[in-house]
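What follows draws every value from the coordinates through simple rules; no lab data is involved. Note that the structure is a prediction, hence the values are computed from the model and not measured. Please note: Cβ atoms are built from the backbone with ideal geometry, for glycine as well, and neighbour counts cover all protein chains shown.
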Amino acid sequence: MKELEEKIKNDGSIISEDILKVDSFVNHQVDPELMLHIGQDFAEHFKGRGITKVVTIESSGIAPALMTAQQLGIPLVILKKQPSKILNDNLYQTQVTSYTKGTSYELTLSANYIGEKDHVLIIDDFLANGEAATGAIRLLRKAHATIAGVGILIEKSFQPGREKIKSQGFEVYSLARVSKMQKDYIEFIPEE
Ligand code: G4P
Ligand code: NA
Ligand code: NA
């Protein structure tokens with residue numbers, strides 16, 4: 001998606017060879033017009049596949065996932081990161097460890113919102129090592145849902161996330177694929 005690549009070039013900042021900061025339009029401040037266009041792109045790509053819900057992981061995936069759900073005319077379900085101390089039969093949980101952040105958290109989903117009849121599109125802002133997306137897939141499987149694919153805003157293609165998701169049998173559709181980053185230099189894999 002040219003618009004996202006241009007935005008990254010103009011307003012993103014490269015923190016190191018593997019961390020891109022997009023706080024001014026994705027992670028802290030959010031650009032609503034860009035999010036609308038992102039939602040339109042994902043909806044156009046994934047339409048007609050019988051998708052019943054969009055799923056994201058809080059917090060930065062929510063804005064683009066909401067626009068995608070709105071464009072597809074279906075609900076958005078947000079996977080929660082807060083640990084639940086309350087034993088509840090209606091909750092699915094799985095542990096996710098982030099290499100990028102060196103943290104782990106318990107991903108939680110209520111059985112009230114995803115079930116065996118659901119065919120789910122997963123949306124997230126970044127794909128790095130793919131631990132978050134893999135955790136989401138694990139959780140959706142526990143809920144007996146099927147997965148239509150994974151939509152990502154910014155894929156760091158030099159990290160193993162895409163391969164990790166693809167090797168589980170799922171399509172990864174990324175709007176911007178960063179092949180290389182250096183101080184003041186960023187390179188994208190051209191769109192097909
Ligand atoms: P992982 O397997 O290494 O954990 O990578 P994953 O793709 O699961 O990403 C872990 C977290 O780090 C995610 O945020 C992701 O958005 C963020 N992240 C990964 N690479 C980058 C990067 O280059 N730049 C920025 N800004 N973030 C990156 P999260 O912990 O789920 O939090 P949230 O931002 O969604 O609240
Ligand atoms: Na995220
Ligand atoms: Na993030």
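Count neighbours as other Cβ atoms within 10 Å of each site's Cβ, and list the trypsin sites (Lys or Arg not before Pro) in region 101-140 that are DSSP loop with at most 14 such neighbours. Provide the component values of the computation, followed by the final result.
Details: sites: Lys101, Lys117, Arg138; in loops: Lys101, Lys117.
Answer in residue order: Lys101, Lys117.
In region 46-154, a dipole from Cβ-located charges (positive for Lys and Arg, negative for Asp and Glu) runs towards its positive end, and of Ile152, Ala136, Tyr113 it is Tyr113 whose Cα lies farthest in that direction. Taking amide hydrogens as placed 1.01 Å from N in the peptide plane, the amide H of Ile147 sits under 5 Å from those of Val120, each at least 5 positions away in sequence or on another chain. Counting 0.36 nm for each residue step from Glu106 to Gln182 and taking away their Cα separation leaves a gain of 24.0 nm.
Placing +1 on each Lys and Arg Cβ and -1 on each Asp and Glu Cβ, with no other charges, gives region 1-62 a dipole about its Cα centre of roughly 320 debye.
Between Glu116 and Gln70, what FRET efficiency comes out of the Förster formula 1/(1 + (r/R0)^6) with R0 = 30 Å and r the beta carbon distance, rounded to 0.05? Write out the running numbers ahead of the final one.
Details: r = 25 Å, r/R0 = 0.83.
E between Gln70 and Glu116, to the nearest 0.05, is 0.75.
Averaging 1/r over each pair of different alpha-carbon atoms in region 39-177 and inverting the result gives 14.8 Å, the Kirkwood hydrodynamic radius. Measuring between alpha carbons in the structure, the pairs from Lys142/Lys164; Lys101/Lys142; Lys53/Lys183; Lys53/Lys81 lying more than 28 angstrom apart are Lys53/Lys183. Placing unit charges on the Cβ atoms only, positive for Lys and Arg and negative for Asp and Glu, gives region 77-180 a dipole magnitude near 240 debye about its Cα centre.
Based on the Stokes-Einstein relation at 37 °C and a viscosity of 0.692 mPa s, and on the Kirkwood radius from alpha carbon pairs, region 81-162 is assigned a translational diffusion coefficient of 244 µm²/s.
About its Cα centre, what dipole magnitude does the chain give when the only charges are +1 on Lys and Arg Cβ and -1 on Asp and Glu Cβ, stated in debye to the nearest 20? Write out the running numbers ahead of the final one.
Working: 22 positive and 26 negative charges, 141 e Å.
In total the dipole reaches around 680 debye.
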